[in-house]
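Working notes for the structure below.
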Amino acid sequence: MKNVDNYRRGYFMPPVKSLKWAEKEYITVPPTWCSVDLRDGNQALVVPMSLEEKLEYYHMLLKIGFKEIEVGFPAASETEYAFLRTLIEQNLIPEDVTIQVLTQSRDHIIEKTFKALVGVKKAVVHLYNSTSVAQREQVFKMSREEIVEIAVSGARLLKKYAAETEGNFQFEYSPESFTGTEMEFALEICNQVLDVFEPTPENKVIINLPATVSLSMPHVYASQIEYMSEHLKYRDNVILSLHPHNDRGTAVADAELGLLAGGQRIEGTLFGNGERTGNVDIVTLALNLFSHGVDPGLNFASMLEITAKYEALTRMKVHDRQPYGGKLVFAAFSGSHQDAITKGIKWREEHECHYWNVPYLLIDPQDIGREYEGDVIRINSQSGKGGIAYMLEQHYALDLPAKMREDFGYKVKNVSDNLHKELMPEEIKDIFFKEYVNIESPIKFLNFRFLNHDDFQTTVTLEFKGEIQELSGEGDGRLDAISNALQARLGLSYSNLIYKEHALELGSKSQAVSYVGVTGPDGVIHWGCGIHTDIFTSSVKALISAINTMIKDSAAV
């Protein structure tokens, strides 16, 4: 690429070393979560949500468990104003939920904002102005002193209108474009605003430090946050809030390291919706905490429902690989991955495991409403015997012998490869039945009889090459006797009979399933499966199916 010389690092390091956060291993308590979906997220949509859609989205946020929700910029449009009034007038704000509104530092906008808040029990009023070098020089063409005056005058207006308006108001201030601001200046402007607000233990002030544009690696943002946290005035009465954007693809990392550095609150959106590359994804942040055994205080147990509603209301799509929410985030197509997952799940079933530790799965998919069969084990040409066998067992209670799984695995992968598609459980079952179950050509089993129950002398009736034949034989067991009759009378040669059986529940009839493997003259094990209401009949059908498979495979060579 050309023009690399046109770029340089655009952030500012703290004037003092700020690396205490690096000594911490993990986040121990969840932050306060503030959803900005209805403001920051909504303004980024190609088609912003209607009033009705915003109300539906709002109720989804409440159901998830958000206690702080930024509901809009009421002075910006009639829809935003009407939405806020609807929430207040229809008493749609629960007692334990605080709504938040955004305003610029302009008298008429602040006045209209407080008019929109008339009747609210409590609200956060969020004041912001841009402070970065780029904004000061190119957009506002103002000095530092003039930018400070915008913030301070806006803070005074907030206090004035709050005193004149019934309700409980908390103040928030954001030096927008914080990451492109000199740290000493960011600290100065925040402290001057705090001097106006005069926070107390009973009425703390929120200082929100947004990565409006992500300019640095996450550790730099963490050091910036730590510097601010350690040098803000009234620190015990300040709630330090983070608002990362995802321009560099590091919003989640910025937020996590920022929390280690002193952040106490996160403003973000579901699935990272927002301007340009989006805001920080609260779903990912919350479930990352969950994966470390920290209760995030948000409920994503119905992830599929949340994803579907999000897509319907925003007209955005959750990417298939989006952490936790995407369709494929738990999916394993690779054979080795499937094998490890199925063994891990089986291990948990056989042992008393308190802590989750299954290979390749960060969390238990069932904890967020996902399923092992459809969400984790997926079958295509890359899949292995373990995953394919797992699908059969989970969906159809067919528990194949270990060596049969390998044979069937190759057949399934060949079908997927030829069709160039993923195979669904029903298709996998169809392949199994076609290849192994009750195969009747060229030998069709009709009946058998023994002289008495304890006798291992038998007569088998079958159809072979269009003729009905009765074959006699004896052996060390009933199935051995039938096998000997088939080999002696039909000129067949095989050895090392492998046998497995178990009960099978298919529909309303209780049936039995048997699996038989025989080693042919070529040294290859050929498999068959028999399903019948009588367990021994199922084993005979499995044996004859295996022999038919051997004959077919030999003819194909």
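Here are the numbers for this structure:
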item	result
Potential lengthening between residue 299 and residue 51 on full extension [0.36 nm per residue; Cα-Cα distance subtracted]	86.8 nm
Protein-only accessible surface order, largest first, of 527, 356 at 1.4 Å	356, 527
Residue 499 accessible area, assembled protein chains, probe 1.4 Å, Å²	90 Å²
GluC sites (Glu not before Pro) restricted to the range 329-388 and DSSP loop, no more than 11 other C-beta within 10 Å	352
HN-Hα J in Hz across the range 68-78 - Karplus 6.51, -1.76, 1.60, θ = phi - 60°, x for Gly and Pro	10, 9, 7, 9, x, 10, x, 8, 7, 7, 5
For residue 32, residues with placed amide H under 5 Å, excluding near neighbours	265, 266
Sequence-distant aspartates and glutamates (8 or more away, or on other chains) whose Cα lies within less than 20 Å of residue 233	145, 149, 172, 176, 182, 184, 188, 195, 198, 202
Per residue, in Å², the accessible surface of the chain once ligands and nucleic acids are set aside, probe 1.4 Å	47 Å²
Long-range HN-HN contacts of residue 176 with modeled amide H, under 5 Å	129, 130, 131
The range 9-47 residues near the modelled residue 138 label - backbone nitrogen below 18 Å, point 7 Å along Cα→Cβ	9-12
Carbon plus sulfur fraction of accessible area for the chain, probe 1.4 Å, in percent	50 percent
DSSP bridge pairs, the chain: antiparallel proportion in percent, nearest 5	45 percent
For residue 345, solvent-accessible area (1.4 Å; no DNA, RNA or ligand), Å²	10 Å²
J(HN,Hα) series, the range 160-171, from Karplus relation 6.51 cos²θ - 1.76 cosθ + 1.60, nearest Hz, glycine and proline x	4, 6, 5, 5, 8, 10, 5, x, 10, 10, 10, 9
Under 17 Å from the residue 43 label point (7 Å along Cα→beta-carbon), backbone N, the range 58-89	69-84
The range 56-172, dipole about Cα centre (Lys/Arg Cβ +1, Asp/Glu Cβ -1), debye to the nearest 20	160 debye
Length added when fully stretched, residue 7-residue 198, from 0.36 nm per residue minus Cα-Cα	64.7 nm
Between the range 69-100 and the range 495-544, the Cα center-to-center distance that results, in Å	66 Å
Distance between the range 418-470 and the range 1-56 - C-alpha centres, whole angstrom	63 Å
Under 5 Å, built H, 5+ apart or other chain: amide partners of residue 443	none
Residues residue 371 and residue 535, FRET efficiency given R0 of 30 Å [Cβ-Cβ distance, rounded to 0.05]	0.45
³J(HN,Hα) computed for each position of the range 242-251 - Karplus, 6.51 cos²θ - 1.76 cosθ + 1.60, integer Hz, glycine/proline x	10, 9, x, 9, 10, 4, 9, x, 10, 4
Residue 414/residue 308 FRET efficiency (R0 25 Å; Cβ-Cβ; nearest 0.05)	0.10
Kirkwood hydrodynamic radius of the range 1-126, Cα pairs, Å	17.2 Å
Nearest-0.05 FRET efficiency for residue 476 and residue 95, computed from C-beta distance (R0 45 Å)	0.05
Cα convex hull volume per residue for the range 179-224 (Å³)	84 Å³
Alpha-carbon centroids, the range 329-347 and the range 126-184: separation in whole Å	52 Å
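The values are calculated or read from the model by the stated rules, or taken from the named source; none is laboratory data. Being a predicted model, the structure only gives us computed values, none of them experimental. Here the Cβ is made from the backbone with ideal geometry for all residues, glycine too, and neighbour counts use every protein chain on show. Accessible surface areas use protein heavy atoms only, side chains included; no ligands, DNA or RNA. Shrake-Rupley method; radii C 1.70, N 1.55, O 1.52, S 1.80 Å.
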